[in-house]
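Here's the structure we're looking at; comments come further down.
The values are calculated or read from the model by the stated rules, or taken from the named source; none is laboratory data. What you are looking at is a predicted structure, and each value in this text was computed from that prediction instead of being measured. Ideal geometry is used to build each Cβ from the backbone, glycine not excepted, and the neighbour counts take in all protein chains shown.
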């Protein structure tokens, strides 16, 4: 199963249901601060060096993955459309689920280190998309719906470590984090994000190619 933003739902994601409610509003100043950290003046950490001494990773927050020139060329070949080097995908870790008010004890370290870099395609929308776009180049082998072989997972991780970097922005208010993410995504418009953004030919093609992995082998 996947969430409305295209992210696979990991087992045990979230706990502590409360009565339905409305998310409190995020602050415009928080959006500008996030945009500065993720776009205007990001501190990019190469995936090969992760976590590179970052001290904020035990907190919730926003993040943005970036791709280098060679990686963008690989993705463009797999997609059949141009993917530019630069910011590729963005998201959040640890936002409260609304309208249920369900809390999620996620952190930047778990999302980026354990799920995106160290996880599996069924646990990470980024890995799912990258595996689909690099399907032939990396000779990805599908075992079942949303399951690729361990060797394919490792080859994908190796590619990510070679070509990706990440910027992070901690945001400790989990209740406003989801709304802040939507506002930031609308302004950044990362090409590989599928949820909450306008449909483009590139996103249509990504959705089509991801079926290579979401369907039974």
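Among the numbered conditions (1) outside any helix (DSSP H, G or I); (2) free of Cβ contacts under 8 Å to residues at least 60 places away in the same chain, the only one that residue 143 does not meet is (2). If the condition is being buried (at least 16 other Cβ atoms within 10 Å of the Cβ), part of a helix (DSSP H, G or I) and touching a helix residue (DSSP H, G or I) at 6+ places or on another chain (Cβ under 6 Å), then region 158-182 contributes 160, 163, 180.
With respect to residue 90, determine if the residue is modelled with pLDDT of 95 or more, within 19 Å of the chain's Cα centre (by Cα), in a helix (DSSP H, G or I) and within 21 Å of residue 205 (Cβ to Cβ). Spell out the reasoning first.
Numbers: modelled with pLDDT of 95 or more: yes; within 19 Å of the chain's Cα centre (by Cα): yes; in a helix (DSSP H, G or I): no; within 21 Å of residue 205 (Cβ to Cβ): yes.
Considered against the rule, which asks whether it is modelled with pLDDT of 95 or more, within 19 Å of the chain's Cα centre (by Cα), in a helix (DSSP H, G or I) and within 21 Å of residue 205 (Cβ to Cβ), residue 90 comes out as no.
Quick one: is residue 76 modelled with pLDDT under 95 and either on the phi < 0 side of the Ramachandran plot or in a helix (DSSP H, G or I) (or both)? Criteria not met by residue 76.
Is it the case that residue 85 is farther than 24 Å from residue 151 by Cβ, touching a helix residue (DSSP H, G or I) at 6+ places or on another chain (Cβ under 7 Å), touching a residue at least 12 places away in the same chain (Cβ under 8 Å) and surrounded by fewer than 18 Cβ atoms within 10 Å (Cβ to Cβ)? Considered against the rule, which asks whether it is farther than 24 Å from residue 151 by Cβ, touching a helix residue (DSSP H, G or I) at 6+ places or on another chain (Cβ under 7 Å), touching a residue at least 12 places away in the same chain (Cβ under 8 Å) and surrounded by fewer than 18 Cβ atoms within 10 Å (Cβ to Cβ), residue 85 comes out as yes.
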